[in-house]
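Below is one structure, written out as structure tokens, with a few remarks after it.
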């Protein structure tokens, strides 16, 4: 057959495409389980990191069992849905549902008999999704720690939200103001407190060149926490603002 | 005018060239492996693949993994293209090359994600960028399309190794001078820090990769005078 004829070209491309597609899908399917396991362990690792427990990924499931005492799937009115597994909930899918049908995962942790509430976050950065976890102390107001990750933010700019120095600046910040209103944490460009010494200003210093990613972090914290208010209140534990 | 034009028209054409079996590692074949390390290095001589050389040489470990991935991708895609070289329709050869490279890269990415998750997170977009690495397509088009399987295999390994070698050299100095570490382990003793030594933060930024490559080119050319352009 003539190598330059149209028929040959079509035939060649058709066979090539089929072969390539078959190879790739076989590989992807056969490796899927191992990949999912990695993602699951990493999730545990991230959740643990927010309460200050740093652990290797391989050991994460063990340590996770030790510190995480409960996983709750909350309904928007604050009640608990016992039929849903909170850990496997996919926030990216939940967010698209009507608010009444959404389930909000909440992880309860206990370290040295101190209780922590860990809220998963999900939002949008500049290019793609950003997500993370934020742990609140027993007063449900002070941030114990935060972890962020992203899909495709610019390396060196937006991608810096995964760095410890940025995440550490959230520790100790308060998410409620004096009146008990949820204000979240503002990733601020006009912060008068770049070192983050003032822990009552509800602000952390933004990353230069990463305005939109930073705004995404601000929005995602406030938006997600909003959904947990009714649960926090229903627990009849006053959201205490301690001016310390 | 060359002397061949003066040959009589009736001169018999040479019809039979005794085909000699070339040993696997003949001098020519070895040159395919060794040339890209020095005389024909893809980065320092051909100035290909600079972009990724800047991006992933902050630390030694990702540089090594990137080199190994590029070696795997280049060797495999060179072999595949060389096997298909008599079948590929000329008009769509670039597309075919792209498809082959892209699927190799996806394979590498999937395998890393399963067995070297941390590394795959670190390399993230750069693995995808192997596709756009000029060396890969360059060697497919310039070499694999016109040469046998074994030669193409060697050429792929040689060029990828030449690329990886520079990556590792640059990463070695950037990690050493930038963070005082090698492969994540501290190598500069605390004592020296106490005496007032400070890590050079500039080494962590990409401009210093360019300068390190520049210094390497300078050293290479002062040693290997053949590389210096005549004009």
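Observations on the model:
- Condition met for residue B:85 (at pLDDT 85 or above, within 19 Å of residue A:6 (Cβ to Cβ) and more than 9 Å from chain A (Cβ to nearest Cβ)): no
- Filter result for residue B:139 (away from chain A (no Cβ under 12 Å) and either buried (at least 18 other Cβ atoms within 10 Å of the Cβ) or free of Cβ contacts under 8 Å to residues at least 40 places away in the same chain (or both)): yes
- Residues that are crowded, with 17+ Cβ neighbours inside 10 Å and either in contact with a helix residue (DSSP H, G or I) (Cβ under 8 Å, 6 or more places away or on another chain) or part of a helix (DSSP H, G or I) (or both), drawn from the range A:82-93: A:91
- Selection count where residues are at pLDDT 90 or above, within 19 Å of residue A:163 (Cα to Cα) and either surrounded by fewer than 16 Cβ atoms within 10 Å (Cβ to Cβ) or more than 9 Å from every other protein chain (Cβ to nearest Cβ) (or both), scope the range A:40-74: 9
- Lone qualifier among B:119, B:65, B:70, B:47 - being within 14 Å of chain A (Cβ to nearest Cβ) and farther than 16 Å from residue B:149 by Cα: B:119
- In the set A:79, A:25, A:13, only one residue is out of contact with any helix residue (DSSP H, G or I) (no Cβ under 7 Å at 6 or more places or on another chain) and within 14 Å of chain B (Cβ to nearest Cβ); that residue is A:25.
- Single match in B:50, B:71, B:56, B:43 (criterion: at pLDDT 85 or above and either over 12 Å from the mean Cα position of the chain (by Cα) or closer than 22 Å to residue B:172 by Cα (or both)): B:71
- Every listed requirement among (1) modelled with pLDDT of 85 or more; (2) under 18 Å from residue B:45 (Cβ atoms); (3) exposed (fewer than 14 other Cβ atoms within 10 Å of the Cβ) is met by residue B:194 save one, (2).
- Selection of the range B:157-178 for residues being touching a residue at least 60 places away in the same chain (Cβ under 8 Å) and more than 16 Å from residue B:133 (Cα to Cα) yields B:168, B:170, B:171, B:172, B:174, B:175, B:178.
- Subset of the range B:83-98 [under 23 Å from residue B:150 (Cβ atoms), over 18 Å from the mean Cα position of the chain (by Cα) and part of a helix (DSSP H, G or I)]: B:83, B:93, B:96
- Residue B:112 being farther than 18 Å from residue B:140 by Cβ, within 11 Å of another protein chain (Cβ to nearest Cβ) and modelled with pLDDT of 85 or more: yes
- Some residue of the range A:94-101 being touching a helix residue (DSSP H, G or I) at 6+ places or on another chain (Cβ under 6 Å), part of a loop (DSSP other than H, G, I, E, B) and touching a residue at least 24 places away in the same chain (Cβ under 8 Å): no
- Residues of the range B:35-49 that turn out to be crowded, with 18+ Cβ neighbours inside 10 Å and either in a helix (DSSP H, G or I) or in contact with a strand residue (DSSP E or B) (Cβ under 9 Å, 6 or more places away or on another chain) (or both), as a count: 1
- Filtering the range A:149-165 to residues that are surrounded by 22 or more Cβ atoms within 10 Å (Cβ to Cβ) and away from chain B (no Cβ under 14 Å) leaves only A:161.
- Checking every residue in the range B:164-185 against the condition of being more than 22 Å from the chain's Cα centre (by Cα) and surrounded by fewer than 12 Cβ atoms within 10 Å (Cβ to Cβ) gives at least one match.
- For residue A:3: the one exception among (1) more than 12 Å from every other protein chain (Cβ to nearest Cβ); (2) surrounded by 13 or more Cβ atoms within 10 Å (Cβ to Cβ): (1)
- Residue A:71 vs. criteria touching a strand residue (DSSP E or B) at 6+ places or on another chain (Cβ under 6 Å), more than 23 Å from residue B:118 (Cβ to Cβ) and without any contact (Cβ under 8 Å) to a residue 60 or more places away in the chain: yes
The values are calculated or read from the model by the stated rules, or taken from the named source; none is laboratory data. What you are looking at is a predicted structure, and each value in this text was computed from that prediction instead of being measured. Here the Cβ is made from the backbone with ideal geometry for all residues, glycine too, and neighbour counts use every protein chain on show.
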